[in-house]
Amino acid sequence: MNLCTAVNDALHIAMASDPKTLCFGEDVAFGGVFMCSRGLLDRFGRARVFNTPLAEQGIIGFAIGAAAEGYRPIAEIQFADYIFPAFDQITNEAAKYRYRSGGVYDVGGLTIRAPYGAVGHGGHYHSQSPEAFFTHIPGVKVVMPSGPREAKGLLLAAIREPDPVVFFEAKMLYRTGKRLAAVEEVPEGDFMLPLGKARVAQPGTDITLVGWGQQVRVLELAAKEVAERDGISCEVIDLRTLVPWDVETVAASVNKTGRLLVSHEAPVSSGFGAEVVSRITDRCFYALEAPPVRVCGYDIPFPLVYEPLYLPTARRVADAVRHTLQHS
């Protein structure tokens with residue numbers, strides 16, 4: 001199953017298990033531009049699956065109102081690049097609803113889905129990774145699955161989570177085949193993965209590599225390269241969830257390996273990788289054998305023609321791993 005099919009499967013299960021679950025957004029009724037919502041309209045009807053105007057602020061505002069009335073809205077933002085018109089609704093309404101009402105009201109049933117990241121030809125407005133903006137908002141959880149199995153289990157958990165969730169899906173992985181190994185076995189039926197619990201994607205002893213979303217696949221490719229060519233053993237950790245994030249699992253790994261590399265597609269400055277490095281440095285300072293390293297996008301608008309030079313590729317990660325090991 002690929003990531004697109006896994007998301008679609010999760011949406012069908014969520015809609016079937018709770019009649020108050022809604023699914024809407026731009027072009028969602030006919031399946032969406034990536035076809036992740038295909039079949040929902042025919043199965044559940046127009047009262048629960050419907051298109052919206054091209055107005056992200058309105059989409060999320062409506063979703064917040066529905067959630068406050070006890071529904072479970074799954075609102076799709078067609079591309080994460082266009083989530084910013086809804087930023088005020090997310091930060092000042094969804095995140096604060098329970099707090100401003102003293103616990104009388106909440107919008108815990110709200111899930112916001114948004115495809116993010118590079119896709120090979122998206123350019124400035126269809127390739128960005130805005131997750132760091134949302135990790136700075138108390139009251140909202142942020143989830144970024146790394147593959148089909150993770151996407152299904154985490155999406156079902158997010159939909160049933162008692163807090164609003166922003167769920168970023170790597171559109172590069174929707175239908176990617178062998179290069180990023182984005183087709184895998186996915187459990188049948190209803191199953192959930194815990195939010196806030198990282199996954200050790202690959203055990204290792206020499207250095208800890210931390211990522212989320214599609215970058216986990218890149219880290220696994222880099223780990224394979226340095227293992228085969230240099231005999232370096234990398235432990236790869238998939239955070240799964242950025243808010244909350246699993247500090248304990250990462251700290252335990254770094255205390256073992258003595259080295260840390262964090263990688264993400266978003267620009268390096270003020271990216272979530274800086275938070276990981278800061279917290280782990282505090283926790284593991286005396287265990288570190290080399291300075292922590294970040295391999296990320298550059299501090300420029302996302303380029304079109306030069307996308308291959310911008311991305312934190314497996315080659316860039318592998319070179320950084322070798323450089324870090326030279327500190328020993």
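The strands (runs of 3 or more DSSP E) located wholly in the range 1-108 that include 2 or more residues which are within 20 Å of His126 (Cα to Cα) and touching a Gly at 6+ places or on another chain (Cβ under 8 Å) occupy 72-76. Pairing each residue of the range 13-41 that is of a type in the set (Phe, Trp, Tyr) with any residue that is modelled with pLDDT of 95 or more and in a loop (DSSP other than H, G, I, E, B), provided the two are 6+ apart or on different chains, yields C-beta distances under 9 Å for Phe24/Arg48; Phe24/Thr52; Phe30/Ser37; Phe30/Arg38; Phe34/Gln78.
Residue-wise test of (1) over 26 Å from Gly147 (Cβ atoms); (2) surrounded by fewer than 20 Cβ atoms within 10 Å (Cβ to Cβ); (3) not charged (D, E, K, R).
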position: Tyr71; (1), (2), (3): yes, yes, yes
position: Gly102; (1), (2), (3): yes, yes, yes
position: Ala114; (1), (2), (3): no, no, yes
position: Glu131; (1), (2), (3): no, no, no
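Of all residues in the range 33-47, those satisfying the criterion of being surrounded by fewer than 18 Cβ atoms within 10 Å (Cβ to Cβ) and over 23 Å from Ala170 (Cα atoms) are Asp42, Arg43, Gly45, Arg46, Ala47. Here is the figure for the range 237-265: residues that are open to solvent by 10 Å² or more (accessible area, probe 1.4 Å) and either within 18 Å of the chain's Cα centre (by Cα) or of a type outside the set (D, E, K, R) (or both) total 10. Criterion first (in contact with a helix residue (DSSP H, G or I) (Cβ under 9 Å, 6 or more places away or on another chain), hydrophobic (A, V, I, L, M, F, W, C) and within 20 Å of Ala157 (Cβ to Cβ)) does Ala29 satisfy it? No; evaluated as a whole, the condition is false for this residue.
Does the range 285-309 hold any residues that are in a helix (DSSP H, G or I) and either open to solvent by 90 Å² or more (accessible area, probe 1.4 Å) or at pLDDT 95 or above (or both), and which are they? Working first, answer last.
Quick first cut of the range 285-309, residues in a helix (DSSP H, G or I) only: 285-287, 307-309.
Within the range 285-309, Phe285, Tyr286, Ala287, Pro308, Leu309 qualify.
Beta carbons closer than 6 Å, at least 6 apart along the sequence or on distinct chains, pair a first residue in the range 118-135 that is closer than 12 Å to Ala170 by Cα with a second that is aromatic (Phe, Trp, Tyr) for His126/Phe79; Ser127/Phe302; Gln128/Phe302; Ser129/Tyr116; Glu131/Phe168. Scanning the range 103-120 for residues that are among the polar types (S, T, N, Q) and either over 14 Å from Val140 (Cα atoms) or more than 20 Å from the chain's Cα centre (by Cα) (or both) turns up nothing.
Looking across Ala227, Ala251, one residue alone is modelled with pLDDT of 95 or more, farther than 18 Å from Leu325 by Cα and in a helix (DSSP H, G or I). It is Ala251. Each residue in the range 187-231 was checked for being touching a residue at least 60 places away in the same chain (Cβ under 8 Å) and within 12 Å of Glu150 (Cα to Cα), and 4 pass.
Return the only residue of Glu161, Glu169 being open to solvent by 10 Å² or more (accessible area, probe 1.4 Å), within 17 Å of Leu239 (Cβ to Cβ) and of a type in the set (Asp, Glu). Step through it out loud before you land on a result.
On the way: Glu169 fails: open to solvent by 10 Å² or more (accessible area, probe 1.4 Å).
The conditions single out Glu161.
The residues listed here are Arg149, Arg199; of these, the one that is basic (Lys, Arg), out of contact with any strand residue (DSSP E or B) (no Cβ under 6 Å at 6 or more places or on another chain) and open to solvent by 40 Å² or more (accessible area, probe 1.4 Å) is Arg149.
The values are calculated or read from the model by the stated rules, or taken from the named source; none is laboratory data. Note that this is a predicted model, so its numbers are computed, not measured. Using ideal geometry, Cβ is built from the backbone for each residue, glycine included, and neighbour counts are taken over all protein chains shown. Heavy atoms of the whole protein, side chains included, go into the accessibility calculation; ligands, DNA and RNA do not. Shrake-Rupley method; radii C 1.70, N 1.55, O 1.52, S 1.80 Å.
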